[in-house]
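See below for the structure under consideration.
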Amino acid sequence: MTSARPTGGVRGGEARNMYRCRCLADERTRFEPMSDSIRAFTPRSDAYARVFFPVTSEGPDTRTWSQAFATAPPTPDTAWPEERARSSSLNSASGDVPSEVASVLIDVLVRSGVARDEQVVLGWWSGYGDTVAPPNAHLDFLPPDDREMWLVLSRLDAIPRLTKQVGRGPTRWLPMSRSWSVVSDIYDRSVIVVGSTRLVDAVVSASGLEAVFVTDRTRRAVLS
């Protein structure tokens, strides 16, 4: 088990935050770190969805993968590099969940019974050069590949504000209830939502999201 390294003096509420973050992050038994599937960094659950990040090109407008690549809807195994080879001008967010996706996901979670003020451990990869550490964060390591992450205990409805402060959205949303998760790795152009069948059904059917059902055997390699 890796010891957390605080980003400064630790006292009071920050110490409690660190303790709670570490308790959740160190639950390695929830993952299969050596797996080549999404189970390398997602907990075991009833159902899983893959949500695709919007595609951008020369202008500010975004498109779905289906619109951008003029293909049938993406499947669980649709990989970005294969699609991008058809048009080098296309791009997408990598790793952090785009704000427009995060806002819809928060609404879906709330409509599915998650409290807006639910306590959530949020994680950002510490290696980005264009970000600043969130307030009261500490460093720890998470699978896959022992990514060094800034972790902070916050609320679900604080994600938009923290995204602006940090400069990117969190790649890990890990609730203290452990009843759902939103997880991506630093190179991924889609995010995995983990939870009950009811929640995942709501994600896949949500207006404003391009999402498909996946299984816990979906290969990590297709996400980036």
Name the single residue, out of those in the stretch 40-66 being of a type in the set (D, E, K, R) and modelled with pLDDT of 80 or more, that is least open to solvent (accessible area, probe 1.4 Å). ARG50
Within the stretch 135-154, can you find the residues that are open to solvent by less than 60 Å² (accessible area, probe 1.4 Å) and of a type in the set (S, T, N, Q)? SER154
One residue from VAL132, VAL110, VAL104 being open to solvent by 10 Å² or more (accessible area, probe 1.4 Å), in a helix (DSSP H, G or I) and more than 22 Å from ARG44 (Cα to Cα): VAL104
For the stretch 193-224, name all the residues that are farther than 18 Å from THR64 by Cβ and open to solvent by less than 60 Å² (accessible area, probe 1.4 Å). VAL194, GLY195, SER196, LEU199, VAL200, ALA202, ASP216, THR218, ARG220, SER224
Qualifying residues in the stretch 150-194 (those that are in contact with a Gly (Cβ under 8 Å, 6 or more places away or on another chain), outside any helix (DSSP H, G or I) and hydroxyl-bearing (Ser, Thr, Tyr)) - the one nearest to SER112 (Cα to Cα): SER179
Looking at (1) under 16 Å from the mean Cα position of the chain (by Cα); (2) free of Cβ contacts under 8 Å to residues at least 24 places away in the same chain; (3) within 25 Å of PRO54 (Cβ to Cβ), which one does GLY129 not meet, given that it meets all the others? (1)
Checked ARG116, ARG168 against criteria (within 13 Å of the chain's Cα centre (by Cα) and of a type outside the set (S, T, N, Q)); the one match is ARG168
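The values are calculated or read from the model by the stated rules, or taken from the named source; none is laboratory data. The shown structure was predicted, so the numbers you read here are calculated from the model rather than taken from an experiment. A quick note on method: Cβ atoms are made from the backbone with ideal geometry, for glycine too, and the neighbour counts reach across all protein chains shown. Just the protein is used for accessible areas: all its heavy atoms, side chains included, with ligands, DNA and RNA removed. Shrake-Rupley method; radii C 1.70, N 1.55, O 1.52, S 1.80 Å.
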